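Step one of this worksheet: look at the structure below.
The values are calculated or read from the model by the stated rules, or taken from the named source; none is laboratory data. Keep in mind the model is a prediction, meaning the values are calculated, not measured. Don't worry about glycine lacking a Cβ; one is built from the backbone with ideal geometry, like all the others, and counts go over all protein chains shown. Ligands, DNA and RNA are stripped out before the accessible areas are found, and what is left, the full protein with its side chains, is counted by its heavy atoms. Shrake-Rupley method; radii C 1.70, N 1.55, O 1.52, S 1.80 Å.
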Amino acid sequence: MSAPVIWILLPLMAAAIFLVASYRGSVAVPAALLSLLLAVLAMFVPIDTAMVFGSVSIKIAGSVQLLGRSFQFGAADGPMLALVYALSALWFFGSRAGGANRSFVPLAFAVVALLVASLAVEPFLYAALLIELAAMLTIPLIMDSSSSGERLNRPSNRGPLRFIIYQTLAMPLILFSGWMLSGVEASPGDLALTSQSGILLGLGFAFLLAIFPLYSWIPMMAENASPYTLGFTLWLLPTFALLLALGFLDRFAWLRTSTGLIDAIRLAGMVLVVSGGWLCVFQRHLGRMLAFAAIAETGLAVVAVSLNSFLSLDLVFLLFIPRGIELGVWALGISVLKINSGSLEFRSCQGLARTHPIACSAVILSHLSLAGLPLLAGFPSRLALWEQLAQVSLDLAFWLLMGLIGIFIGAGRTISAFLMAPEFQPWQLNETRHQVILLCVGMGVLLMLGIFPQVLQLFMDKLHFLFEHLVQLPAML
Amino acid sequence: MLDNLLSTSAVIIILVASTGLLVSRDWRWSLALCAGQYLAAFWLVSLHWPVGLAAVKLVSGWMGIAALGLTRLNFSGEDETKEKFWPRQLWFHFLLAAIVILLALAAAPRLENFLPGLGLPVIAGSLVLMGMGLLHLGITSHNLRVILGLLTILCGFEILYASVEGSILVAGLLAVINLGLALVGCYLMLAGSVEPEIDSPEGFETIV
């Protein structure tokens, strides 16, 4: 048995089985358990290393050949696989409580498997193709849960259409720029080729990562799609797009050393943080609030990538782990509210703190965590990023703070909407037991990661070995 | 000589089909013209790839178009809603197409210097398709036409990329992406007609 078979083919086959089984009943728990099993295997079973049990030796081969190219996992991939499947398991566990569509679990499982395949494919450039495939699978995931409308050209199609346009435009740009980059490696003095490939690559990632102003599909989808599936999409796709970006920086030395490109990445990230953060301030819809906060969060990761030191890898991974939990808890919270209030507009959510205190607390806590409030999961990564950024430029550190303040004000407005209850409205607990347990566990994890961030070190120690050249960069900028 | 003639014919087919796709209001014609684009693309790709491998693009493209056509056949009435932002006049679309074609044909020789050995017809055909696809995306928000625009862009890209990358895995994945895009188009057309089935959380039997 080889690692790609276990962590790619097996989940894909399981997704197909779950898709058939989902018509008979919920498959959330079996899928979550399988995902958890894959995470445990990835964490504790070394890849490409023989394990000896008495006289028996077992080895999970690292690669498999497919159509002349290889899918390859190394020992360094284990923690990443464990992280992705563990966080996916949390999303699968919450899918039923979040009112996700029946096809959510099988399709989401297939999306995860395809994105994991994008980590393994060699040459790594082909990851763009697998990300595009995953993006296409995301469409039914999102559309299935959206409200009904006209048969053709219904307005709610606009977000998914724009999403698929941007993701599809990204793929050729990245593939072609990757081919050009190999030419740049061969003749580094060719400035025209260098700048052309840099522009194509930048455009490709701008589409893929929804860099300003190409993120219009996110708030559009936030209005119609189920918050839970949208949250899942906003967690998973940018995470793997950023890993692909890190792969480019790792493989092509001139990208790492190009100060112009690094400055452009930093600027793009900062614009995402500030625009996403401040657009939170003006939202009157909880789904759109989540969307803009997720955009700002992606911006933080892009800024972390632009720091271009070995610490930037630590920062990126430090942002990844809480992001999955924050978005999960937030999406589950607003899904519960949407199920009960029917709409996520502020006017429909007024006073919900009295009738759905746990869901409202989860939404607020994850929102504040994303804003970087101390003692919550998002705080350590933001503090570390702020510290590193301040060494580069105090102006940039100021703008980062401004973006986070925007998210924080958005949280304040959400709190005020939740608390606007009629005078004699009694306190009630209308969430189901399943929802209460999941939301409380999520909030507990957010608090635990904020108070004891060193727990993340378990993963972080090994994660940066995924990028062997980036890890060798000096700490000082 | 014969190769040159056929390549030039393929480029002419691309020019006619992509312009026709832009100005056509009838979905049947649009799909037929898109199929014509795939035929021309097949010929241009076969200049660099074995015919068997190049045929993958033709087959997957035509399969996608067949899927779109079969789905669209289920709907009657207006072909598309009124798109008020851009003028819908025939001549305006012809003018836009002419501009894009001129730009693509002007850029092709420069790109040939940059990518020697590909041949002018391959580059010109590819640039025209990508340009017209982008133009198509810019002037429509109709499901079917957006997907046709995306397929046109991908078709153009595949012609160019086939000449620099001969991997079977890439050919296979691109074929799956073509087919997948067409299926996404079918899904987007159909999605509004079926009420979603939702996995009821405990205590909630129906969710609207």
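For residues that are surrounded by 21 or more Cβ atoms within 10 Å (Cβ to Cβ) and under 20 Å from A:Phe176 (Cβ atoms), scanning just segment A:253-267, find the one that is modelled with the lowest pLDDT.
A:Leu255
Got at least one residue in segment B:73-82 being open to solvent by 70 Å² or more (accessible area, probe 1.4 Å) and at pLDDT 90 or above?
Looking for residues that are open to solvent by 70 Å² or more (accessible area, probe 1.4 Å) and at pLDDT 90 or above, one finds none in segment B:73-82, hence no.
Which numbered condition in (1) buried (at least 19 other Cβ atoms within 10 Å of the Cβ); (2) modelled with pLDDT under 90; (3) within 11 Å of chain A (Cβ to nearest Cβ) is the only one that B:Leu151 fails?
(2)
Based on what the data block shows, is A:Leu352 open to solvent by less than 20 Å² (accessible area, probe 1.4 Å), over 23 Å from A:Val305 (Cα atoms) and away from chain B (no Cβ under 14 Å)?
Yes: the conditions hold for A:Leu352.
For segment B:154-177, what are the residues that are more than 9 Å from every other protein chain (Cβ to nearest Cβ) and either free of Cβ contacts under 8 Å to residues at least 12 places away in the same chain or over 28 Å from B:Pro109 (Cβ atoms) (or both)?
B:Ala175
Can you give me the number of residues within segment B:36-46 that are surrounded by fewer than 20 Cβ atoms within 10 Å (Cβ to Cβ) and within 17 Å of B:Leu183 (Cβ to Cβ)?
The total comes to 0.
Quick check: is even one residue across segment A:54-74 on the phi < 0 side of the Ramachandran plot, among the β-branched types (Val, Ile, Thr), assigned to a loop (DSSP other than H, G, I, E, B) and out of contact with any helix residue (DSSP H, G or I) (no Cβ under 7 Å at 6 or more places or on another chain)?
Within segment A:54-74 (the criterion being on the phi < 0 side of the Ramachandran plot, among the β-branched types (Val, Ile, Thr), assigned to a loop (DSSP other than H, G, I, E, B) and out of contact with any helix residue (DSSP H, G or I) (no Cβ under 7 Å at 6 or more places or on another chain)), the answer is no, since none of the residues qualifies.
I'm trying to understand the selection: among the residues of segment A:7-32, which are more than 16 Å from A:Ser88 (Cα to Cα) and open to solvent by 10 Å² or more (accessible area, probe 1.4 Å)?
A:Leu9, A:Met13, A:Ala16, A:Ile17, A:Leu19, A:Val20, A:Ala21, A:Tyr23, A:Arg24, A:Gly25, A:Ser26
Return the only residue of A:Leu191, A:Leu125 being over 19 Å from the mean Cα position of the chain (by Cα), open to solvent by 10 Å² or more (accessible area, probe 1.4 Å), modelled with pLDDT under 90 and within 11 Å of chain B (Cβ to nearest Cβ).
The conditions single out A:Leu125.
Can you tell me which residue in segment A:88-117 is nearest to the other protein chains (Cβ to nearest Cβ), limited to those that are closer than 15 Å to A:Phe71 by Cα and open to solvent by less than 10 Å² (accessible area, probe 1.4 Å)?
Going through the qualifying residues, I end up with A:Ala117.
Looking at A:Asp48, A:Asp77, can you tell me which residue is of a type in the set (Asp, Glu), surrounded by fewer than 23 Cβ atoms within 10 Å (Cβ to Cβ) and assigned by TED's automatic domain parsing to the domain that holds A:Leu9?
A:Asp48
Is there any pair with a first residue in segment A:132-143 that is at the interface with chain B (Cβ under 8 Å from one of its Cβ atoms) and a second that is among the polar types (S, T, N, Q) whose Cβ atoms are under 7 Å apart and which are 6 or more apart or on different chains, and what are they?
A:Glu132/A:Gln167; A:Glu132/A:Thr168; A:Pro140/A:Ser103
Which residue, of B:Trp29, B:Trp62, is of a type in the set (Phe, Trp, Tyr), farther than 18 Å from B:Tyr161 by Cβ, free of Cβ contacts under 8 Å to residues at least 12 places away in the same chain and open to solvent by 70 Å² or more (accessible area, probe 1.4 Å)?
Testing whether each residue is of a type in the set (Phe, Trp, Tyr), farther than 18 Å from B:Tyr161 by Cβ, free of Cβ contacts under 8 Å to residues at least 12 places away in the same chain and open to solvent by 70 Å² or more (accessible area, probe 1.4 Å) leaves just B:Trp29.
Among what's in segment A:238-252 and is in a helix (DSSP H, G or I) and more than 15 Å from the chain's Cα centre (by Cα), pick the residue that is surrounded by the most Cβ atoms within 10 Å (Cβ to Cβ).
Among those that are in a helix (DSSP H, G or I) and more than 15 Å from the chain's Cα centre (by Cα), it is A:Leu249.
Scanning for something basic (Lys, Arg), assigned to a helix (DSSP H, G or I) and at pLDDT 90 or above, does segment A:462-471 turn up at least one residue?
Checked segment A:462-471: no residue is basic (Lys, Arg), assigned to a helix (DSSP H, G or I) and at pLDDT 90 or above.
Of the numbered conditions (1) in contact (Cβ under 8 Å) with a residue 60 or more places away in the chain; (2) more than 21 Å from B:Thr19 (Cα to Cα); (3) part of a helix (DSSP H, G or I); (4) open to solvent by 10 Å² or more (accessible area, probe 1.4 Å), B:Trp49 fails exactly one; give the number of that condition.
(3)
Here is a yes/no grid of residues against (1) part of a helix (DSSP H, G or I); (2) open to solvent by less than 10 Å² (accessible area, probe 1.4 Å); (3) charged (D, E, K, R); (4) touching a Cys at 6+ places or on another chain (Cβ under 8 Å):
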site	(1), (2), (3), (4)
A:Cys280	yes, yes, no, no
A:Ala291	yes, yes, no, no
A:Ala294	yes, yes, no, no
A:Glu297	yes, yes, yes, no
A:Leu300	yes, yes, no, no
A:Val303	yes, yes, no, no
A:Asn308	no, no, no, no
A:Leu319	yes, yes, no, no
A:Gly328	yes, no, no, no
